[in-house]
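Here the structure is laid out as structure tokens; the discussion comes afterwards.
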Amino acid sequence: MAMLKVTSKGQVTLKKEVLQHLGAQPGDSLNVDLLANGRVSVSIVKPEKQSIEGLFGMVKNTTGRVPTIDHINEAIAAGWAGEVKY
């Protein structure tokens, strides 16, 4: 059993042994289910496997123009800056 401490912000850090048991890697998502009697269940969220064919046409180009690498980089930067809303 791994003991965890709650911070003043209400956060908990899972120990390396717990993450290894889950098979979690940096960037993975975890699912937390609230159970009865103050218990929780934690599991890793496995991404759905997608065929390579499913990636084609993923980004719809409605302008009819082919984006340049500069346009793509600008779009990426805007997304990371939170300037793009989905």
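The values are calculated or read from the model by the stated rules, or taken from the named source; none is laboratory data. Since the structure is predicted, the reported quantities are computational estimates derived from the model, not experimental observations. Cβ sites come from the backbone with ideal geometry, for glycine too, and all protein chains shown count toward neighbours.
What to note about this one:
- Among residues of segment 20-38 that are in contact (Cβ under 8 Å) with a residue 40 or more places away in the chain, none has a Cβ under 7 angstrom from a residue that is part of a loop (DSSP other than H, G, I, E, B) and of a type outside the set (Phe, Trp, Tyr) at a sequence gap of 6+ or on a separate chain.
- Exclusive hit being over 30 Å from Leu4 (Cα atoms) and either part of a helix (DSSP H, G or I) or at pLDDT 85 or above (or both), set Gly64, Gly54: Gly54
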